[in-house]
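Take a look at the structure set out below.
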Amino acid sequence: MSAIRILVDADACPVKDEVYRVAYRREVPVRVVSNSYLRLPAHPLIERVVVSDKFDAADDWIVEQADAKTVVITGDILLADRCLKAGAAVIGHNGKPFTGASIGTAIATRAIMADLRAGGDAVGGPAPFAKADRSRFLQALDEALVRLGG
């Protein structure tokens, strides 16, 4: 079995089924990390990791496991930053990769939006998840695994 693996920040992840499909085809193990029990497919490549409900426990576990042979799937910008620093490839749920070049802008935008919300400004959230996002995600995950040799 390959040393390459996929770690999924499972809370609110809309692309778990897509991760499984790619993992089966490429024979790459997946660890699905959450604070509570999630129903997963019974398959030897899919492993459930339930961490404590302590704040950031799932994020901390993922960062501890992340390295240059890991693809992390998350919508959490701060977790993405930590995983990039650990050497992992990181892909958002919408299929857009987080990179060293893009993470600073993503963090800054997140902070600005938080400030606006705290000030009472009505700001929209992210665009609704669309079919194009699912397709972009599948392509981005495939490309990341090819780059890692999986």
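Where a number appears in this text, it was derived from the coordinates with a stated rule and is not lab data. Because the structure is a prediction, the values reported are computed rather than measured. Ideal geometry is used to build each Cβ from the backbone, glycine not excepted, and the neighbour counts take in all protein chains shown.
For this structure, a couple of remarks:
- Cα-based convex hull, the chain, per residue volume (Å³, whole number): 117
- Projecting the Cα atoms of Leu7, His43, Gly92 onto the charge dipole of the chain (Cβ charges, centred on the Cα centre) puts His43 farthest toward the positive pole.
- Within the shell of other residues whose beta carbon sits under 14 angstrom from the beta carbon of Asp142, the net charge comes to +3, with Lys and Arg scored +1 and Asp and Glu -1.
- Each Lys and Arg Cβ is given +1 and each Asp and Glu Cβ -1; about its Cα centre, region 5-148 then shows a dipole of about 480 debye.
- Length available on full extension from Phe55 to Ala130: 0.36 nm per residue minus the Cα-Cα distance, which gives 24.0 nm.
- Beta bridges assigned by DSSP with both partners in region 5-148 are antiparallel in approximately 10 percent of cases.
- Normalised by residue number, the volume inside the convex hull of the Cα atoms of region 7-95 is 88 Å³ per residue.
- Take the Cβ atoms of Arg147 and Ala118, set R0 to 35 Å, and the FRET efficiency comes out at 0.35.
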